[in-house]
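Right, one structure below, let's go through it.
The values are calculated or read from the model by the stated rules, or taken from the named source; none is laboratory data. Since this is a predicted model, take the numbers as computed values, not measurements. All Cβ positions, even for glycine, are placed from backbone atoms using ideal geometry, and neighbour counts span all protein chains on display.
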Amino acid sequence: MLGLALAGTATAASLTFTVTDESGAVLEHAAVALIPNEGQPVIPSQRAEIVQKDKRFTPLMSAVQTGSAVDFPNRDTVRHHVYSFSPAKTFELKLYLGRSAVPVVFDKPGIVVMGCNIHDHMVAYVMVADTPWLGVSDAHGRVRLSGLPVGDYRLEYWHPRWVGKGDVAQETIRVNGDTAHTLKIESRP
């Protein structure tokens with residue numbers, strides 16, 4: 001989900017992030033969320049999917065709005081046991097092939113780290129935020145959020161290189177028209 005436009009809301013802006021590391025190299029898999037300082041949009045919950053294929057989760061990093069349901073289809077020929085012990089969402093999908101019985105609803109903001117109890121190398125991450133304006137940087141280090149009302153926002157961001165090193169990073173950002181912003185992801189948040 002790169003950006004969501006709100007029907008019936010006066011929108012005039014977009015914000016394109018270029019995400020880099022401390023040496024200036026672009027970074028894929030950085031999750032960003034813009035949370036308005038005033039007024040919170042009422043958006044119905046969304047659906048997302050994190051696929052298990054070739055004994056990997058795809059995508060590695062996802063960003064979803066609080067209340068979103070996420071399906072975990074297993075497209076491998078082996079069973080997986082998906083779990084998370086993260087404070088933002090604890091769950092367990094015991095050994096299965098195909099589709100799990102029910103999607104997992106991510107109902108609390110934060111970072112969720114998931115794994116497979118059978119295949120220790122399998123890992124994936126979800127940033128859950130109280131906003132429809134969120135996304136994940138692509139292979140070019142870019143993420144574009146559109147349909148933004150002009151105003152002040154709290155920018156929250158996170159990258160998998162920060163696993164075990166803290167919570168999401170935050171800064172204040174002003175959106176006023178179509179703009180670009182470079183976001184540097186340090187080795188520590």
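For the reader, a short list of remarks on this structure follows.
- Total residues in the range 103-114, condition modelled with pLDDT of 95 or more and either in contact with a Phe, Trp or Tyr (Cβ under 8 Å, 6 or more places away or on another chain) or within 18 Å of Lys53 (Cβ to Cβ) (or both): 5
- Residue identified as in contact with a strand residue (DSSP E or B) (Cβ under 7 Å, 6 or more places away or on another chain), polar (S, T, N, Q) and at pLDDT 95 or above among Ser100, Ser146, Ser137: Ser137
- Check on Pro87, free of Cβ contacts under 8 Å to residues at least 60 places away in the same chain and under 20 Å from Val163 (Cα atoms): yes
- Of all residues in the range 48-84 being within 16 Å of Ala129 (Cα to Cα) and β-branched (Val, Ile, Thr), the one that is surrounded by the fewest Cβ atoms within 10 Å (Cβ to Cβ): Thr66
- Out of Ala63, Ala101, Ala48, Ala88, sole residue that is more than 30 Å from Lys184 (Cβ to Cβ) and of a type in the set (A, V, I, L, M, F, W, C): Ala101
- Those residues of the range 146-168 which are within 17 Å of Glu28 (Cβ to Cβ) and either surrounded by 15 or more Cβ atoms within 10 Å (Cβ to Cβ) or small (Gly, Ala, Ser) (or both), in sequence order: Tyr157, Trp158, His159, Pro160, Arg161, Trp162
- Failed criterion for Ser45 (all others in (1) in contact with a helix residue (DSSP H, G or I) (Cβ under 7 Å, 6 or more places away or on another chain); (2) exposed (fewer than 15 other Cβ atoms within 10 Å of the Cβ) hold): (1)
- The criterion of being more than 23 Å from Pro109 (Cα to Cα), assigned to a strand (DSSP E or B) and modelled with pLDDT of 95 or more does not hold for Thr90.
- Residue within the range 32-39 that is touching a Phe, Trp or Tyr at 6+ places or on another chain (Cβ under 9 Å), surrounded by 16 or more Cβ atoms within 10 Å (Cβ to Cβ) and without any contact (Cβ under 8 Å) to a residue 24 or more places away in the chain present: no
- In the range 36-66, the residues that are under 13 Å from the mean Cα position of the chain (by Cα) and in a loop (DSSP other than H, G, I, E, B): Gln46, Ile50, Pro59, Leu60, Thr66
- Output for the range 139-176, where each listed residue is over 16 Å from Thr18 (Cα atoms) and in a loop (DSSP other than H, G, I, E, B): Pro149, Val150, Val163, Gly164, Lys165, Gly166, Asp167, Val168, Asn176
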